[in-house]
Structures are given as structure tokens and as C-alpha cells.
Amino acid sequence: MELPKHYNSDDSESKWGKYWENKGIYKFDPKSKKKLYSVDTPPPTVSGKIHMGHAFSYTQADMIVRFKRMQGFNIFYPFGFDDNGLATGLFVEKKHKVSSRKMGRDAFVKLCLEETKNSEKVFKELWTRISISADWSLEYSTISPKVQRISQRSFIELYKNGREYRKEAPTFWCPKCRTAASQVELEDKDIDSFFNDLDFKLKDGGKIKIATTRPELLAACVSIFVHPEDKRYKKLVGKKAIVPLFGQEVTILSDEKADPEKGTGAVMCCTFGDQNDIDWWYAHKLPLRVAISKNGVMTEISGKYEGMKIEAARKEIIEDLKKDGALTGQKPITHAVNVHERCGTAIEFLVTKQWFIKVLDMKKELLTAGNKMSWYPKHMKVRYDNWTNGLSWDWCISRQRFYGVPFPIWYCKDCGEIILADESQLPVNPFVDKPKNPCPKCKSKNYIPEEDTLDTWATSSLTPLINARWGEKDEIKDIYPMDLRPQAHDIITFWLFNTVVKGILHKKQVPFKNIMISGHALDPKGKKMSKSKGNVILPQTILEKFSADALRFWAAGSKLGDDLPYQEKDVLTGNKMATKMWNASKFAIMHLEDYDGKDAKLEPIDKWVLSKLNDIIDISTKSLEKYEYARAKVVAERFFFDVFCDNYLEMAKDRLYNPDVYGKESRRAAQFTLYNALLGVLKLIAPIMPYITEEIYHLYFAKKEGQKSIHISSWPEVNKKWADKKAVDAGNAAADIIAAIRQHKSSNNLSLNTPYDSATIDTKDKSIITPIESTIKGTMKIGDINYGKLSKPDIELEIGKNPIKIKMGNAMPKEK
């Protein structure tokens with residue numbers, strides 16, 4: 001058999017990618033009687049390019065899926081694209097330099113649909129190249145008609161169950177995106193600012209000093225709060241103060257939420273600066289004064305500052321406070337500010353009419369649900385628990401954007417009643433479609449469509465139900481709850497939490513059994529990758545320079561949940577691993593051409609390597625069952641390099657090349673061991689490096705094993721017949737002695753193939769050497785091994801508790 005001289009990763013990736021697709025290697029079989037294993041694959045947001053973080057976490061999940069497939073499970077592994085909502089809309093606006101509001105709803109939605117279609121094609125090509133072994137016939141898009149129907153079905157069911165409500169209330173608002181946001185979409189960002197000490201004049205004389213970081217909200221000030229036990233202000237409670245610059249009178253009130261240790265202990269309540277302002281507004285029935293508009297500029301109550309942006313107004317107000325004498329001091333601070341995770345803009349609180357899902361009354365149930373799922377790693381559950389315990393808002397699900405899944409509702413023009421779409425109409429577009437039934441309250445047929453769209457998380461939180469085709473004619477009944485939810489740690493409070501909410505509300509059970517939480521890919525200095533820092537590394541670059549297997553090898557280099565800096569040397573190691581596998585396999589296959597596949601009487605060194613393989617199979621299997629792919633990678637890699645290549649291949653060469661010296665039975669034993677050891681290690685590495693392992697498998701093993709792909713062959717199992725402690729001890733002794741002799745040759749500037757006429761060994765226990773004597777002689781090219789006392793040995797080592805001394809004979813010239 002003539003084997004290719006070199007391994008070409010580009011050719012291999014192209015060839016096997018097409019082969020796997022054409023042969024349906026990764027296809028889910030709904031009729032299979034195998035045990036099902038279902039994966040709730042995270043649908044990446046279509047909002048730009050795939051970055052290394054995507055490649056990192058999706059590859060880690062794919063390793064587990066490949067392992068389960070080889071274990072004999074019927075794999076349900078869909079792939080989706082989250083291509084509806086704010087993130088995609090912002091991406092399209094930025095890429096095409098357009099404004100959705102200027103374009104109009106219909107034109108902008110059309111542009112978004114065209115762009116997502118193009119982006120998904122690019123995304124799919126990259127995921128396929130990285131070898132994500134999903135069944136692409138199960139592909140879905142969150143803007144597709146089927147998913148819109150499921151999302152709208154969810155809304156209607158929750159509304160009918162009394163779980164959804166529409167209310168005009170203080171809401172998180174992004175001035176840049178001009179839309180409401182939910183609590184989960186906020187991030188803390190440290191901002192440099194000032195505590196500004198301001199004097200409010202008292203109506204009946206005197207002053208009260210307050211400290212604020214937001215003087216631009218003075219126009220919205222409706223009260224001043226102090227702690228009821230704060231002796232400094234007890235006599236002032238109930239008195240009136242005058243807001244500097246703006247002149248409105250406000251009452252000084254007491255409330256335990258006022259912190260005596262923060263600032264001056266007296267705090268102004270504005271509508272709205274933070275959560276406390278909202279709580280006080282509700283509790284004390286305060287008036288509403290709106291100083292900031294939906295597009296982030298000052299309103300008419302701000303007087304001369306009307307129309308100014310927030311930052312500009314803040315600077316000018318501070319200057320005017322100085323001139324007025326009301327600003328008595330400034331203290332620089334760094335404090336955490338809530339920003340919108342989509343654009344990084346500081347969040348405001350505005351009173352707007354929004355749709356909400358009730359979740360605050362579910363805290364206990366949600367915490368219980370968290371305990372019903374297995375978390376890997378376990379400590380990641382703390383993030384879920386902390387988020388659940390810290391909830392202070394119901395889930396806002398409406399967004400003031402054109403692009404997204406429409407609400408399936410209209411409002412009666414005559415009485416304002418909500419008109420739900422009929423199930424038969426879904427998916428429905430209230431701007432195009434008409435209600436099937438008249439107003440349920442006044443029977444009017446006059447209606448107004450809901451203009452808002454559903455929050456993207458309201459749809460992507462349904463992915464287990466989307467995968468199950470919930471409510472559809474082709475619904476898959478037995479995949480819910482799903483076996484695995486793989487995702488990154490930064491969206492535990494987004495995707496995972498909201499999916500649990502929807503699962504409990506719709507199915508009264510958790511949506512998945514196991515949760516696999518990955519970390520982040522960082523830049524080479526350990527910093528988070530971002531476009532603004534210019535440190536983003538794209539997987540396309542790595543694939544062109546190295547290979548998909550090398551990238552996957554790097555991704556397997558961190559423990560689950562840990563962040564991993566990108567280091568090119570680690571990717572290069574992956575390439576070297578592939579090259580070594582190719583060369584070692586070619587050598588083995590060359591000696592397996594005449595192997596008849598029959599069992600043979602194994603020699604100690606054969607039993608040694610197979611016993612070692614047993615150990616690695618056991619460790620790898622147990623590790624992957626616990627999602628510890630990194631440990632599985634390390635033990636397989638070490639076995640391949642240290643045991644198989646550096647030792648066994650060298651030890652077996654003489655027997656393979658010289659059957660006339662050692663006998664055909666000895667050669668067959670070496671062949672049996674080569675076959676099983678190489679096939680075993682290929683299978684162990686297959687989930688990590690699918691291309692090179694498939695290439696080697698088809699060089700020789702496919703016909704022998706009768707499987708179309710290594711990736712649907714059986715996962716290796718521990719063979720008890722191979723377990724032999726004496727052989728392990730003997731093989732370890734041989735490896736140690738051979739390593740010591742190699743070191744001696746190198747120290748004397750001799751090549752490792754330099755033959756010696758003899759070697760004398762001094763040991764108290766000759767039985768250590770006897771079983772491996774022929775292996776030592778053949779591997780190190782030694783003519784005879786003698787035993788005797790040595791006073792000046794060349795080599796000294798200890799095996800177990802037995803000291804061993806070796807004196808090398810005469811180095812001989814190699815035969816030409």
C-alpha cells in the first residue's frame with residue numbers, strides 16, 4: 001500500500017466535510033431505537049463576524065457531542081441562528097449606514113432579512129469548517145415563520161394564563177437604541193465621575209446639603225430623603241427645600257433606604273435616577289417630573305437646557321451651579337453605572353408603556369429548578385442563584401424597534417381592549433393582518449396594531465421548545481427536557497435563566513438535564529477581546545494559517561468554565577500533533593499490511609502498552625462523562641507521544657522488521673498491539689481532532705472495522721484481558737532503562753542507533769530485567785546483556801526500590 005507522504009489539512013477538511021454531509025454521518029434518526037441524546041445548541045446572534053469566543057465554546061461542546069455519538073447515542077444536535085431583534089437591527093444599521101426610523105418599518109425589515117440570510121451562509125460555512133458536527137437538516141432561524149409562530153404561541157399562552165401584563169411604569173431605557181431593556185440586558189461599567197455637594201435652600205431659612213453624581217436630574221427632583229435615625233436631619237423632616245437653578249419646592253422625607261454614610265446622608269429623589277428613586281416614587285406617591293426624553297436629550301422642564309444631550313447638560317449645569325454658589329464641593333469617584341449590553345450606553349429610567357412577564361413571584365420555584373439541573377462546573381450555579389435572588393423587576397419583553405418577532409395582538413380603537421390573534425393565524429403581522437375576531441369587549445371591528453416587537457430573548461428562551469417543534473404538526477415529543485445545554489458563562493442570566501422561566505411556565509419542568517458552561521477566549525495578554533482595543537482574533541485567520549484540528553486542539557486546552565488566552569504556540573502544538581499522528585500512523589500501517597487480524601500471544605511490552613491504553617480509556621471516558629474534555633485531551637496526548645511513539649514504536653521496530661530473528665508469532669503480537677493501540681488512541685483523539693483521525697482511519701481501519709466513519713465507530717472500552725500489573729511494571733522498567741541508555745549515548749555524542757557489542761547490568765533482582773531483555777537489546781542495538789558486579793558503571797538508576805547499574809560495552813560502527 002502506497003501512502004501519501006505528507007498530510008494536507010486543507011484537502012482533508014474539504015474532502016471529509018463533503019463526505020460527512022453526503023453520507024449523513026451526523027444526521028439524527030427519528031426512527032432509531034438507540035438511546036436519545038439531545039443538545040440545546042446556542043444559536044449565535046447574527047450581528048457581525050464569528051469571533052474566537054464562538055469557536056472556543058462551540059468546539060468544547062462539540063467534543064462532548066462527538067463522544068456521546070461514539071458511545072452509541074442517537075444524537076439530536078440542531079443548529080440555529082438568533083437573527084431577530086435589537087442586536088441584528090443595530091448590526092444592519094451600522095453595516096449599511098442607515099437609520100431604521102428614516103427608512104421606515106417595511107424597508108428596514110426587508111433589509112434585515114436579506115442581510116441575515118447572507119450572514120447565516122457565511123456563519124454556516126465557518127461552523128462546518130471548524131467541524132461542528134450538528135445535523136444541519138435541523139437548522140432553524142429565530143426570524144423564520146415557524147419560530148415566529150412558536151414565539152407568538154408562547155406569548156398567547158402566557159397571556160391567557162395571566163402571566164403577562166402591559167403597564168405604564170418606570171422602565172430601563174436605552175437612549176441610543178431608543179428602546180426598553182430588561183434587567184438582564186444591563187451590565188455594570190465603572191465610570192469616573194464626581195460627587196457634587198449642592199446646597200438646597202430651605203423655605204423658612206437655612207440650607208440642607210445633598211451629594212449627587214447626576215446634577216442634570218435637578219429638574220426632575222421631587223423630594224429629598226434622609227434616614228429616620230439620622231440626628232443631623234431629624235428636625236428638617238417635613239420641611240420644604242428649594243431646588244437650585246430650577247426653583248421647584250420639594251418636601252424633605254425620611255426613609256430607611258437613605259444611607260447616612262453615603263455622601264452627605266441627604267439624597268435627592270428624582271424621577272428617575274436609580275431603583276431607589278422608583279421605590280420612593282411608588283411608596284410615597286410622589287409626582288412625576290421627566291427631565292430626559294426617550295432619545296436622550298433634556299425635556300422642556302429643563303428650561304434653558306432643553307434639547308441638550310445628557311453629558312453636555314451636566315457640564316453646563318455644574319458651571320451654572322458654581323456661578324449660583326450652590327455647588328460647594330466636588331469629590332472625584334469611580335462608580336458602577338448600568339449600561340446597555342448591546343451598545344454600552346448608560347441606562348435611564350423612563351415611564352413608558354411596556355409588556356412584562358411576571359417572574360418576581362417565581363423566585364423560590366426558579367431556585368428549586370436550578371437544583372434540578374446538573375451544573376458543570378458546579379460553581380457556575382452560584383451565578384444563577386445570585387441573579388434569581390437579586391431580581392427586582394418583572395421581565396420586560398417589549399422593544400421599540402421595527403425588526404423582530406411581532407406581538408400577536410391589536411388594540412380596540414374604540415375601547416382599548418387587547419385583541420389576541422387566533423392560533424390559526426400564526427405567525428401574524430398585526431400591521432398587515434387583521435384580527436380574525438372582533439373586540440371581545442365591545443365587539444368593535446376597529447383596531448390598532450401593536451407597534452412594538454418582542455425582545456429577542458423572549459424568542460431565544462424557547463430554543464428547547466423550538467427544537468421540539470412545540471405545538472406544530474411535526475412536534476417531537478421525546479426530546480424535552482433536553483440532555484445538554486452548552487453555553488458561555490456570560491449569558492447565564494440571559495439565555496439560561498429566561499429558558500428556565502419559559503420551561504417552567506409552559507412545560508412545568510426544567511428545560512434541560514445538564515448544563516455545560518464554558519469560559520471566554522481572551523487575547524494573548526489575557527485581556528477580553530474587543531473591536532475598540534483592536535485585539536480581536538478571528539477564527540478564519542487561524543484556519544487559514546494552521547488548521548481546524550489545530551484550532552480545536554487549542555480550544556481543548558482549558559478546563560471547562562475557565563477563560564483561555566489565545567496563544568499561537570498552542571495552536572502550533574496542535575499542528576505538530578497532527579503531523580506526528582500522520583507519521584506514526586504511516587509507520588504502523590506499513591507494518592500492518594499483512595496483518596491477519598487474529599489474536600496473538602502477547603509479550604510483556606505488548607501487554608504493557610495495552611494496559612496503559614486501558615488506563616487512558618478509563619480516565620478519558622470518566623473525564624468526558626463529567627465534561628472534562630481538557631483532561632481527556634491531556635492523557636490521550638501524553639499516551640500517544642510518551643508511551644506509543646517515544647517508547648512502544650521504538651521497542652517494537654526490531655520485531656516488526658526482523659520476523660526471521662524473533663519469529664512470526666512475535667511479529668503478529670506486535671501487529672496486534674499496533675492495531676489496537678493506534679485505533680484506540682485515534683478514537684480517543686477523534687472528538688478533539690476530527691479531520692486527521694478520519695483521514696488515518698480511512699487509510700487502513702475503515703475496511704477492517706466496517707464503519708463509514710471513525711465518528712460513528714464505537715468508543716473504546718477497557719479490555720480486562722489486557723490488564724496485567726506485572727507487564728506494566730516490566731514495561732515501565734524497560735522504558736526507564738532505555739531512556740537512561742539514550743541519555744548516555746547523547747552525552748557521548750553518539751546517535752541513538754549506534755550499536756554496542758554488549759552491556760553489563762548489576763542488579764540484586766535479575767527477574768526485573770529478564771522479561772524485557774530482548775526489548776532492551778533490540779531497541780538500543782545491544783549485542784549481549786551480561787550480569788555482574790560493577791564498581792564503575794556508566795549508568796545508575798533505580799527501579800522501584802531496586803538500584804540498577806549498567807556498564808556499556810564497545811560502541812560499534814554501524815553497518816553500511
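Summary of computed values
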item	result
Portion, in percent, of the accessible area of the chain that falls on carbon or sulfur, probe 1.4 Å	49
Calculated from backbone phi, Karplus (6.51, -1.76, 1.60) coupling profile of the range 659-675 in Hz, x at Gly/Pro	x, 5, 8, 9, x, 5, 5, 5, 5, 4, 4, 5, 5, 4, 5, 4, 4
Cβ-based net charge around PRO408, under 14 Å, with every Lys or Arg adding one and every Asp or Glu removing one	-2
Highest-first arrangement of 477-483, 636-642, where packing means the average Cβ count within 10 Å	636-642, 477-483
Ranked by how many other beta carbons lie within 10 Å on average, peptides 173-179, 247-253, 143-149 from highest	173-179, 143-149, 247-253
Potential lengthening between GLN275 and LYS49 on full extension [0.36 nm per residue; Cα-Cα distance subtracted]	77.8 nm
Centroid-to-centroid separation of the range 789-812 and the range 190-227 [C-alpha atoms, Å]	86
The range 699-748-the range 549-625 distance, computed between alpha-carbon centres (Å)	10
Per-residue [θ]222 nm for the chain (sum of -39500 (n - 2.57) over DSSP H runs n ≥ 4, rounded to 500)	-11500 deg cm²/dmol
Accessible area per residue, Å², the chain with all protein chains present, probe 1.4 Å	45
Sorted peptide list for 97-110, 646-659, criterion being average Cβ within 10 angstrom, highest first	646-659, 97-110
Degrees, to the nearest 10: 105-130 long Cα axis against longest axis of the chain	20
Pairwise centroid distance, computed over Cα atoms, of the range 321-384 with the range 82-143, Å	28
FRET efficiency, ASP596 to ALA723 (Cβ-Cβ, R0 25 Å, nearest 0.05)	0.50
Local electrostatic count, CYS269, Cβ distance below 11 Å [Lys/Arg +1, Asp/Glu -1]	-2
Antiparallel bridge percentage (DSSP; both residues within the chain; nearest 5)	70
Backbone HN-Hα couplings from phi across the range 230-245 [Karplus 6.51/-1.76/1.60, Hz, Gly and Pro as x]	7, 4, 5, 10, 4, 6, 8, 4, x, 7, 9, 10, 10, 6, x, 6
Cα long-axis angle, helix 86-96 against the chain (0 to 90 degrees, to the nearest 10)	90
Degrees separating the helix 145-160 axis from the principal Cα axis of the chain, which is the longest one	50
Using θ = phi - 60° and Karplus 6.51 cos²θ - 1.76 cosθ + 1.60, couplings along the range 133-143 (whole Hz; Gly, Pro as x)	8, 6, 8, 6, 6, 9, 4, 9, 10, 6, 9
Listed pairs LYS68/LYS633; LYS23/LYS586; LYS27/LYS633 exceeding 22 Å between Cα atoms	LYS23/LYS586; LYS27/LYS633
Net charge contributed by nearby residues that have their C-beta within less than 9 Å of ARG178 (K/R +1, D/E -1)	+4
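The values are calculated or read from the model by the stated rules, or taken from the named source; none is laboratory data. Just so you know, these numbers come straight off a predicted model, no measurement behind them. Here the Cβ is made from the backbone with ideal geometry for all residues, glycine too, and neighbour counts use every protein chain on show. In case anyone asks, the SASA skips ligands and DNA or RNA and just uses the protein heavy atoms, side chains included. Shrake-Rupley method; radii C 1.70, N 1.55, O 1.52, S 1.80 Å.
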